[in-house]
1. Taking amide H positions as placed 1.01 Å from N in the peptide plane, with prolines and chain starts having none, which residues 5 or more places from residue 160, or on another chain, fall under 5 Å of its amide H?
2. Given points 7 Å out from each Cα along the Cα-Cβ axis, report the residue 432 to residue 617 separation in nanometres with one decimal.
3. How much length would be gained if the chain were fully extended between residue 174 and residue 92, taking 0.36 nm per residue of separation minus their Cα-Cα distance, in nm to one decimal?
4. For residue 64 and residue 219, FRET efficiency with R0 = 41 Å and r from the beta-carbon atoms, rounded to 0.05?
5. Taking H placed 1.01 Å from N in the peptide plane, check which residues at least 5 places from residue 50 or on another chain put their amide H under 5 Å from its amide H.
6. Calculate, for residue 642 and residue 376, the FRET efficiency according to 1/(1 + (r/R0)^6) with r their C-beta to C-beta distance and R0 60 Å; round to the nearest 0.05.
7. Output ³J(HN,Hα) for segment 194-204: one whole-Hz value per residue in order, computed from phi by the Karplus curve 6.51 cos²θ - 1.76 cosθ + 1.60 with θ = phi - 60°, and x for Gly and Pro.
8. Under a cut-off of 27 Å between alpha-carbon atoms, report the lysines in cross-link reach of residue 174, not counting same-chain residues fewer than 8 places apart.
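The values are calculated or read from the model by the stated rules, or taken from the named source; none is laboratory data. These numbers come from a predicted model, not from an experiment. We place every Cβ from the backbone using ideal geometry, glycine too, and count neighbours over all the protein chains shown. Heads up: the accessible areas ignore ligands, DNA and RNA and are worked out on the full protein's heavy atoms, side chains in. Shrake-Rupley method; radii C 1.70, N 1.55, O 1.52, S 1.80 Å.
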Amino acid sequence: MNDKKTFYITTPIYYPSDKLHIGHTYSTVAADTMARYKRLQGCDVFFLTGTDEHGQKIEDKAKEAGVTPKEYVDNIVAGIKELWKLMNISNDKFIRTTDGYHEKAVQRIFEKMYEKGDIYKGKYEGLYCKPCESFWTETQAVDGKCPDCGRPVYKAEEEAYFFKLSNYADRLVKYYEEHPGFIEPVSRQNEMINNFIKPGLQDLCISRSSFKWGIPVPVNPDHVIYVWLDALTNYITALGYAGEDDSLYKKFWPANVQLIGKDIVRFHTIYWPAFLMSLDIPCPDKVYAHGWVLLEGGKMSKSKGNVVDPVILAERYGVDALRYYLLREIAFGSDGVFSNENLINRINSDLANDLGNLLSRTVSMVEKYFAGTIPAEREASEYDANLIDTAKTAAQKAQENLDALNYSVALAEIWKLISATNKYIDETTPWILAKDESNKAKLANVMYNLCECLRITSVLIAPFMPATAPKIREQLGIEKDFVWDEAFTYGERATYSVVKGEIIFPRLDMQKEIEELSAASGVKENPLKEEIEGIAKIDIDEFAKTDLRAAKIIDCFPVKKAKKLLQLTLDVGTGENRTVASGIAKWYKPEDLIGKTVILVSNLKPAVLCGVESCGMILAADAGEDDVKVVFLDGVPAGSKIR
Ligand code: MSP
């Protein structure tokens, strides 16, 4: 990140189609932590979040609910704003893509690109479902049917406007090369180049006439602007770009960092910079794609009924505990698994034991030994140097890691200081020192170092835990307002007068919490376990009815009319070959399969799949979100029975 005195950070703008869950909270908490950190460093910060409100999905949901799209989104957006308030999110602005100034600015942006020759009228081709008035792609349609209503779809085309994305391929690659750090983690950049740019960028359809809920295309009001041009440009329209007053734009653009989830990297690192290049304005310094908050059974989804509600957790354990857990548990950039058990463990060990206990022990000791105020006369101990060094290192490392958006590492570094401070109590044994009046100066020194370390901790955790930091400072009897650099001023404070307060993180009873949480949230603690345990049991005779055989793939080719299917010719050891159609084309190339031995369910009744008579089925595993792995056998002769 650069050293500009201004700092502009954004989150994605959220779809107000459902209630937000813990995964959405993750992005916003991460951005908020960075915004707070930069403010503490004295930067003039602008932190933007908001909602992405147009598109067919919202139009459909509103229709279902019997309200206008605007009424529909107003209701959900109010809930989102409440959630950010609860989570202590310090955004400077909340943009809604239905805000009038945004809509006008997007139209001006469209016109600018159109005048430049980057937008042209063409034809959008897809699979169309007439009753739903929806276009679908080949992969979205299910066996040639509409995924929404199940009725047949047919090939259709509609007039649409296109953005000349194909013209920007070389400029994008050059931009990435010249700006290392533009896309982070860097693996995402390779993904973009290899998966999207190298195979050839297609022009991008940026209008639709099959639905109405969107910003009208200025040169043709029968069309609405298709969502990504509308959505992405929020990052500049929020600052007044193409609006009446663009002073914020002049001050803050280009953004220092744009945080996004890993699923929307393509839009932010290909479409977005191409749009900006078309407008002749600079690209953001950095687009950082974080990973996903998953559950043990995989993704959170409303249909699985396993969406974790941040409101329940924040109200129960406090916002700071939740913020801490999210940023500590998951390495930013990677996926991480959320579980109630891990959350409670973290609260008990890191917050209640390590930090909370340290504060209450320290304050109690200062009260007990010195009636609340540490005397000025102090005598150093042999353990001080190590502790002071740890405090300085923690501040330095927390800063370095925050600068690199390594939130979890920054927290781990801060916790090294907390552990070292706890260890210092054990080393210096203040309760023994207190027994002898002649040790008064030594005891005062120990208390002073404990308070200094807690003060520094309060500064370092403040961006992460904005409500806890002032509570610590209050008990240490020091001012609530401070700057980041105060983490680097060990030993400059004259003394401390402490004021005992409440326990900042009470210990939780794991068993009780797990039970009550599961009941309150409806979230299954281990959905996979429950799924497996919930499956009806069969006896051995029933299983024996399934004939499983080793079969060798001797030929394999794609099924012409069905993108998902491969046709396999199998040697089943009988001298006669079998034909099986398998829906694995997305994961395997025919040449990777020929010669391999697989497991065949040989006595499955034949079925015709897209014109192929399939006599049996081969076994494969659902190996994760959208991943399938065929079960291969090694060194087993064709025809061998598997039992
Ligand atoms: N509206 C678009 C973004 C437009 S930005 C110009 C969108 N909205 S979203 O509501 O579906 O998702 C918003 C963000 O939440 C995305 O960055 C997405 O990756 C993130 N998350 C949604 N579920 C998530 C998890 N389970 N975990 C972490 N983040 C996830 O996409």
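1. 122, 123, 124
2. My value for the distance between the label points is 7.1 nm.
3. 26.2 nm
4. Working: r = 32 Å, r/R0 = 0.79.
Efficiency, rounded to the nearest 0.05: 0.80.
5. Under 5 Å from the amide H of residue 50 lie the amide H atoms of 14, 95, each far enough along the sequence or on another chain.
6. Plugging the Cβ-Cβ distance into 1/(1 + (r/R0)^6) gives 0.15.
7. 6, 8, 10, 7, 4, x, x, 7, 8, 5, 10
8. 4, 112, 116, 164, 198, 250, 251, 262, 286
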